[in-house]
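Enquirer: One structure coming up, written as structure tokens, with questions to follow.
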Amino acid sequence: MVARLLAHEVADLCLGKPPLKSLAISATVRHALAALKSSDDTHISIWTCDHHQTAQSLIDNCCCVGKICMVDIICYLSKEDNLKSPSSALDSPVTVLLSRDPATVRLVNPSASLVEAIDLIIGGAQNLIVPINRRTKINSKRKQILKQELSFAPTTHAGGGEFCWLTQEDVIRFLLSSIGLFSPTGAYSVESLGIINPDILTVNFHSPASTALGAILTSLADQTSVAVVDDDGILIGEISPFTLAYCDETAAAAIATLSAGDLMSYIDCGGPPEDIIRVVEARLKERNLKGMLEEFTAYSSGIPLISSNSSSSSEDESSPSPARMKSGRYNRSSSYSSRITRRAEAIVCYPWSSLVAVMIQAITHRVSYVWVIEKDCSVVGVVKFSDILERIFFIGPYYEVNENLKY
């Protein structure tokens with residue numbers, strides 16, 4: 001039964017997935033910002049070709065070189081030089097946002113086995129690019145609706161081929177639906193399985209949020225988060241890339257001026273409180289960061305930064321419509337509120353929590369990790385999806401089955 005489950009093809013996990021939305025590597029950060037704001041997705045794929053072009057010669061050899069999200073832009077704008085002139089920073093090439101690790105995005109054949117996909121995830125892949133074939137195409141009516149909603153091109157290659165991508169969450173969700181097949185492993189505690197990773201990223205509640213900038217970028221690459229702790233190491237909350245991905249780009253100003261504790265309040269789902277907005281504005285003035293102050297003031301007045309003058313027709317086409325704007329913030333998904341209700345509160349478990357309970361927690365809250373704490377709320381470590389997959393399927397009791405199925 002386990003062998004039959006693991007023998008599933010990657011295409012089986014792609015059913016109903018919409019085509020990827022893309023951006024050419026020649027685009028600027030400003031273009032990426034516009035694309036993200038006009039999309040329901042939190043990430044945009046970056047390709048070596050321009051999918052707005054229709055000439056076959058331009059897209060025959062096209063490949064995906066990475067992905068970006070709002071967190072990449074926020075952290076980029078948070079750098080000292082970019083805070084002084086955010087408008088100039090937005091005109092930088094989008095390549096400044098790309099990860100240097102090419103393994104984060106991998107192309108996978110639809111006929112590849114589930115075990116191959118898991119192997120790539122354990123090796124560091126965050127997203128698997130999968131060609132959409134007839135089995136994975138969504139019905140024509142829904143596809144037509146999706147195309148009408150897009151303000152930038154889906155990823156279409158020669159011959160009309162399209163791509164979708166799979167995440168760690170997709171794989172875990174698929175396996176969780178058949179977790180009974182892996183009994184009794186699912187009932188074991190995360191401590192007994194040895195999947196608690198003690199190598200965690202933390203920042204003190206009272207420390208400047210800017211001191212956590214490197215940790216935020218690292219957590220984005222590792223698909224984890226930054227724990228906010230007090231002087232005794234007690235977990236208070238977190239600065240999560242997942243939550244930051246739904247913030248406006250001017251969250252860079254908050255990172256530059258607030259403490260880690262205040263930043264948690266700023267990025268909560270209800271939007272930043274008025275008093276914290278005033279604090280950010282005052283501190284930007286103190287540091288004479290006129291460029292960011294102008295953009296932040298415009299943002300807090302309900303005018304998005306993306307409205308900056310630009311001669312790019314691509315940017316005009318990708319600019320968010322007024323229907324997507326609300327008080328200067330972007331409600332890019334109808335499920336926004338339900339997905340962000342956990343706010344800056346960390347999702348936690350205990351060393352004795354069962355594997356299946358931890359998996360359900362993570363899937364329910366749409367995160368790829370769960371913090372592990374003791375009874376006094378001190379942080380022990382973190383359980384990540386990649387570690388779960390590696391422990392169960394490659395060094396666990398099903399290793400021999402997996403080896404027989406691979407390749």
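The values are calculated or read from the model by the stated rules, or taken from the named source; none is laboratory data. Because the structure is a prediction, the values reported are computed rather than measured. Note: ideal-geometry Cβ built from the backbone for every residue, glycine included; neighbour counts use all protein chains shown. We work out accessible area using only protein heavy atoms, side chains counted, and drop any ligands, DNA or RNA first. Shrake-Rupley method; radii C 1.70, N 1.55, O 1.52, S 1.80 Å.
Enquirer: If Glu286 satisfies all but one of (1) open to solvent by 20 Å² or more (accessible area, probe 1.4 Å); (2) in contact with a strand residue (DSSP E or B) (Cβ under 8 Å, 6 or more places away or on another chain), what's the number of the condition it fails?
Expert: Status for Glu286: all satisfied but (2).
Enquirer: Another one. I'm trying to understand the selection: among the residues of region 347-365, which are within 20 Å of Asp170 (Cα to Cα) and either among the aliphatic types (A, V, I, L, M) or assigned to a helix (DSSP H, G or I) (or both)?
Expert: Within region 347-365, Ile347, Leu355, Val356, Ala357, Val358, Met359, Ile360, Gln361, Ala362, Ile363, Thr364 qualify.
Enquirer: Quick one: which residue in Ile121, Ile138 is under 17 Å from the mean Cα position of the chain (by Cα) and either modelled with pLDDT of 90 or more or not polar (S, T, N, Q) (or both)?
Expert: Answer to the selection: Ile121.
Enquirer: Hey, another quick one. Within region 86-119, take every residue that is polar (S, T, N, Q) and assigned to a helix (DSSP H, G or I) and give me the one that is farthest from Cys75 (Cα to Cα).
Expert: Filtering first and then ranking leaves Thr104.
Enquirer: Could you pull out the residue among Ser378, Ser368 that is surrounded by 18 or more Cβ atoms within 10 Å (Cβ to Cβ), at pLDDT 90 or above and polar (S, T, N, Q)?
Expert: Ser368
Enquirer: Of the residues that make up region 155-172, is at least one within 30 Å of Phe296 (Cα to Cα), open to solvent by 30 Å² or more (accessible area, probe 1.4 Å) and modelled with pLDDT under 95?
Expert: No - not one qualifying residue is present in region 155-172.
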